[in-house]
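The values are calculated or read from the model by the stated rules, or taken from the named source; none is laboratory data. No experiment lies behind these values; they were computed from the predicted model shown. Note: ideal-geometry Cβ built from the backbone for every residue, glycine included; neighbour counts use all protein chains shown.
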Amino acid sequence: MIIPFLLPLMLTQFRPAAPAVPAPSTVLATLDGKPITAKDVAGYLWDWRAYEVAQELVNFTLISGEAKKAKVAVTDAELAQSLKEQVDQISKSLPPGTKFDQALIERGLTMSRLKMRLVMDKMLTKLVALGFDQNSYYRVSTLAIPMKSASTEDLSAAIKVADSAYDRISKGEDWGKVLADITKSDPAIRSGGDLGWFTLTEFPTAAQPAIKSAKKNGVIKPVQTPFGIQIFKVLGLGSEIKGPELETLRTQYSQTARSEYAKKLQSTHKVVHFWPLGIGKG
C-alpha cells in the first residue's frame, strides 16, 4: 500500500517541483507569543543552505542529462517503491509518537529533497549498470613468490621457484599442496589463494593475455608482477556466472563504479558557484 502523502509522484527523470516560497509575513514559529517570520529567516537560509541546494541541483542536472541521452528513466512505480522503503525504514527507527515529517526535518530532509535524491540514486544506478559486462570478469587464485630485493639474483631465484611450482602443477600435482609448500601465508593456504572476481583490466598487465585466453581451471605460466612472480589459476569465467552470484557481482560493480562515474561526469563539465562564495569562484 502506498501512503497517500507520497503522491503525486515525479515522472521519469524530471526533478520534483520546488515547494512554494512562503510570503515574507508568514509566521514560521513563535517565541513567547512573538512571531518569527519568513522574512526573518530568508537571509540566514540563503547564507546557510544556498550552496548546498545549488550543488545538489547541479548533481541532479548532470545525472538527469546523462540519463536522457542514454534513454534511462525512473518510473512512477520505481519511485513509489523506493519512497515506501525509505518511509518504512525511517518510521521503524522513530520513538513512539514522533511525527514522520518532523523526523525528516531533523535528518536535514524534506519530501521534495528525499524524492530528488531517490530519483538521482535510481538514475545513477541504471546508468552505471549500462557499463557492467559480466564477460570481463574472471575468478582466480594465485600463487605468489615474492622477491627479497630487486636484484637480478633474487629475480632469478624467484623465477626458479615459480617455474618449479608451475611444472609440478602442470604434471597433475594438486594446486593446494603446491601452494602450501611454497607460501607462508596461512590465509592464502586456507583459501587456496582464491582472490575472488576481478575484471581483466584489474589484473597485472603481463598476466592479462593469458588469463583472457585461459579456460576454466586453467593455470597460466609464471609472470612478473608488482608482487613478485605469480602463477594464476582461473577458477571461474564471468560468462558462466548465473543467479545470486551474478547479482552479487553486479551489486559490487555498482558500488565501486558509482563514485567513479560521478567523478568522471563532474570532471567533464564546468561548475562555477557564484553564491555565497563570490562571483566566479569555484
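One table, with the values for the structure above:
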item: Near pairs, Cβ below 7 angstrom, 6+ apart or cross-chain, from region 130-143 (within 17 Å of residue 179 (Cα to Cα)) to any residue that is of a type in the set (D, E, K, R) and surrounded by fewer than 20 Cβ atoms within 10 Å (Cβ to Cβ); result: 141/194
item: Residue list for region 60-76, restricted to those being surrounded by 15 or more Cβ atoms within 10 Å (Cβ to Cβ) and either small (Gly, Ala, Ser) or at pLDDT below 90 (or both); result: 64, 67, 73
item: Per-region count, region 207-228, residues under 31 Å from the mean Cα position of the chain (by Cα), under 22 Å from residue 150 (Cα atoms) and exposed (fewer than 13 other Cβ atoms within 10 Å of the Cβ); result: 2
item: Candidate set: region 176-205, residues that are part of a helix (DSSP H, G or I) and of a type in the set (Lys, Arg); chosen: the one modelled with the lowest pLDDT; result: 190
item: Residues of region 186-202 classified as over 12 Å from residue 141 (Cα atoms) and either surrounded by 13 or more Cβ atoms within 10 Å (Cβ to Cβ) or under 26 Å from the mean Cα position of the chain (by Cα) (or both), total; result: 4
item: Pairs, first touching a residue at least 24 places away in the same chain (Cβ under 8 Å) in region 34-59, second surrounded by 15 or more Cβ atoms within 10 Å (Cβ to Cβ) and in a helix (DSSP H, G or I), C-beta under 8 Å, six or more apart; result: 56/113; 56/116; 56/117; 59/120; 59/262
item: Hits in region 226-269 (condition: among the polar types (S, T, N, Q) and in a loop (DSSP other than H, G, I, E, B)); result: 268
item: In region 59-117, the residues that are in a helix (DSSP H, G or I) and of a type in the set (Ser, Thr, Tyr); result: 61, 64, 82, 91, 112
item: Hits in region 141-185 - residues which are more than 11 Å from residue 229 (Cα to Cα), polar (S, T, N, Q), touching a strand residue (DSSP E or B) at 6+ places or on another chain (Cβ under 8 Å) and surrounded by 11 or more Cβ atoms within 10 Å (Cβ to Cβ); result: 141, 183
